[in-house]
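J.: Quick one: the structure is below, and I'll ask about it shortly.
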Amino acid sequence: MLNDPRSHGLWEKTAPAPPLTTRLEEAISADVVIVGGGYTGLSAALHLAQAGTNVVLLEAAEIGFGGAGRNVGLINAGMWVMPDDFPKELGPVYGERLLDLLGNGPALVRELIDKHAIACELEKNGTLHCAVGPEGLKELEERARQWQKRGAPVTLLDAAETERRVGSRAYSGSLLDMRAGTLQPLAYARGLAHAAAKAGARLHTGSAVTSTGEVEGRKFVKTASGQVTVDWVIVATDAYSTGPWEQVRREQVHLPYFNLATTPLSDNLRRSILAGREGCWDTKEILSSFRMDQAGRLVFGSVGALRGTGTAIHKSWARRSLKRIFPQLGEVEFEAEWYGKIGMTDNALPRLHKFGRNTIGFSGYNGRGIAPGTTFGKLLAKHILGEVSEIDLPLPLSDPQEPAFRAIKEAYYETGAQVAHFTGERF
């Protein structure tokens, strides 16, 4: 994508082609314009177009260019925050409403994949949150208790069952979440784009919004070579925001994250490592994640950016870590490498912003973009269609606020990850 193999790596290599799109080159009118071609924007475009709405989507680069095309591909339920902390942060009404919505998010993803026949390597066998040591297990015991009292299908597994499923003795237990799963993230984004275009949405790539305004009661957005006049604007740019809504990016601290993909493993290794194809991540502060793609490549990632000195440090650390976690692997070869950024809010929960009249957007997915983005996109469509009122949305309206020392924190995360992976120690 954009001739940079480290931007989307394996996902660009194996995803089906996106729909044909063009740059916006004229002044047009529509009911709704969506800014951003990730999960939120594409889901909103699909659901609006299916309802007969005249909708235009503008993407600055290409479909899935941001987090939608770079993430690990875990379809998670909920957020990083413990379930009981949702109502503490948001109040009982919004907290429980958001928990319920995000808990059911993976089901919506699977529904759309099935309905629109999206080829994206969907796996439905759940995810495993893997405990590192006694403290990690204690965290998962509490997380399991909080989800189970809400009726969620999560199960705490002991070390032996975790070893059987993962193929490693590295973990003291794990939390199996059967709501969750894995997919090929860029393929899913492109599949949503195909479905939205088929439903009648007009998709324009290479069309960054440069300005926005209002005239005679209607909104407009301008690009370098075109303009869209509309009744509603959906801002779906999240951590990669630039231009008129750059404040969405500035309210998030960017956490760099990289992935490395091995060459396809032998049949014997595939039977001993993640035979059930669950997606995994661990409880470390500087976490690691791993999952299989359908060709048998092991995708392994952690905090850090593959640039400068970080490239060699993180790749060397990954080889050592894989040898420790999966000694049966032996020496590994990496077929692809890529990295991106996770937008982290100060309380690790998403945001709902209103940028003036009839201009609205969710943001701040904190590394959980697939199910929340899909769900929030559908909700925004239903809100514009008059099916969900503003007060019934899952988050209170808030104004973007830049966290203190944002730039310093971002530099610390990137440098700290290098130090940790070089020395083998945590932050």
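Computed from the coordinates by the stated procedures, all read-outs in this text should not be read as laboratory data. Quantities reported herein were computed from a predicted structural model and do not represent experimental measurements. So basically every Cβ, Gly included, is an ideal-geometry build from the backbone, and we count neighbours across all protein chains shown.
J.: Under 5 Å between amide H atoms, partner at least 5 residues away or on a different chain: which partners does residue 342 have, H built in plane at 1.01 Å?
T.: So residue 342 has HN proximity to 255, 257.
J.: Something else about it: How big is segment 196-350 in terms of Cα radius of gyration and Dmax, in angstroms?
T.: 21.2, 68
J.: Treat every Asp and Glu Cβ in the chain as -1 and every Lys and Arg Cβ as +1, leave all other atoms uncharged, and give the resulting dipole magnitude about the Cα centre to the nearest 20 debye.
T.: Approximately 620 debye in magnitude.
J.: Can you give the angle from 0 to 90° between the axis of helix 39-50 and the longest principal axis of the chain, with both taken from C-alpha atoms, to the nearest 10?
T.: 50
J.: Enter the Cα centre distance for the pair segment 392-406 and segment 200-258, rounded to the nearest angstrom.
T.: 18
J.: Using only helices, what value at 222 nm comes out for the chain when you add -39,500 (n - 2.57) per DSSP H run of length 4 or more and divide by the total residues, to the nearest 500 deg cm²/dmol?
T.: Computed mean residue ellipticity for the chain: -11000 deg cm²/dmol.
J.: Report which label in [x] 21.9; [y] 22.8; [z] 25.2 holds the value of Kirkwood radius over Cα pairs in Å derived from the coordinates of this structure.
T.: Matching entry in [x] 21.9; [y] 22.8; [z] 25.2: [x].
J.: Taking 0.36 nm per residue of sequence separation and subtracting the Cα-Cα distance, how much length would be gained by fully extending the chain between residue 104 and residue 320, in nm to one decimal?
T.: 74.1 nm
J.: From Cα pairs below 8 angstrom and at least 6 apart in sequence, can you work out the relative contact order of segment 166-240, rounded to a whole percent?
T.: It rounds to 14 percent for segment 166-240.
J.: Rounded to the nearest 0.05, what FRET efficiency is calculated for residue 285 and residue 402 with R0 set to 30 Å and r the Cβ-Cβ distance?
T.: Details: r = 24 Å, r/R0 = 0.81.
Calculated transfer efficiency: 0.80.
J.: Once phi is turned into ³J(HN,Hα) by the Karplus curve 6.51 cos²θ - 1.76 cosθ + 1.60 with θ = phi - 60°, what whole-Hz value does each residue of segment 20-30 show in order, with x for glycine and proline?
T.: 3J(HN,Hα) across segment 20-30, in whole Hz: 5, 10, 10, 6, 5, 10, 8, 9, 10, 10, 8.
J.: Assuming 0.692 mPa s and 37 °C, estimate D for segment 308-371 with Stokes-Einstein, Rh taken as the Kirkwood radius over Cα pairs, in µm²/s.
T.: Numbers: Rh = 15.5 Å.
In µm²/s, the coefficient rounds to 212.
J.: Enumerate the residues in segment 360-375 having an amide nitrogen under 15 Å from the point lying 7 Å beyond the Cα of residue 111 toward its Cβ.
T.: 371-375
J.: Let me know the whole percent of all Cα-Cα pairs from segment 1-99 that are separated by more than 24 Å.
T.: Details: 2170 of 4851 pairs.
Summing the P(r) tail past 24 Å for segment 1-99 gives 45 percent.
J.: Determine ³J(HN,Hα), in whole Hz, for all residues of segment 102-109 in sequence, where each value follows from phi through the Karplus function 6.51 cos²θ - 1.76 cosθ + 1.60 and θ = phi - 60°; x replaces Gly and Pro.
T.: 6, x, 8, x, x, 5, 5, 4
J.: Extension gain residue 215-residue 160, at 0.36 nm per residue separation less the Cα-Cα distance, in nm?
T.: Full-extension gain reported as 13.3 nm.
J.: Pull up all non-local amide H partners of residue 57: gap of 5 or more, or a different chain, and H-to-H distance under 5 Å with H placed in the peptide plane.
T.: 34, 202, 203, 204
J.: On to the next question. Which whole-Hz ³J(HN,Hα) couplings does segment 181-195 yield from phi under the Karplus relation 6.51 cos²θ - 1.76 cosθ + 1.60, θ = phi - 60°, glycine and proline marked x?
T.: x, 9, 7, 8, x, 6, 5, 5, 4, 5, x, 4, 5, 4, 5
J.: Now, a different point. If I take every Cα pair under 8 Å that is 6 or more residues apart in segment 148-207, average their sequence separation and divide by the length, what percent do I get for the relative contact order?
T.: 26
J.: Another question, then. Using modelled backbone amide H atoms (1.01 Å from N, in-plane), which distant-in-sequence or interchain residues come within less than 5 Å of residue 288's amide H?
T.: 282
J.: Classify segment 118-166 from the C-alpha gyration tensor, please: rounded if a/c falls under 1.5, else prolate or oblate depending on whether a/b exceeds b/c.
T.: oblate
J.: For segment 267-418, what does the alpha-carbon gyration tensor say about shape, rounded, prolate or oblate, given a ≥ b ≥ c as the root eigenvalues, a/c under 1.5 as rounded, and a/b over b/c as prolate?
T.: Taking the square roots of the gyration eigenvalues as a ≥ b ≥ c, segment 267-418 is oblate.
J.: Provide the gained length on full extension for the span residue 247 to residue 423, in nm with one decimal, where the gain is 0.36 nm per separating residue minus the Cα-Cα distance.
T.: 59.8 nm
J.: Rounded to whole Å, give me the distance from the Cα center of segment 113-186 to that of segment 320-336.
T.: Value for the Cα centre distance between the two parts: 22 Å.
J.: Looking at segment 13-115, which GluC sites (Glu not before Pro) are DSSP coil and have at most 16 other C-beta atoms within 10 Å of their C-beta?
T.: Answer in residue order: 25, 26.
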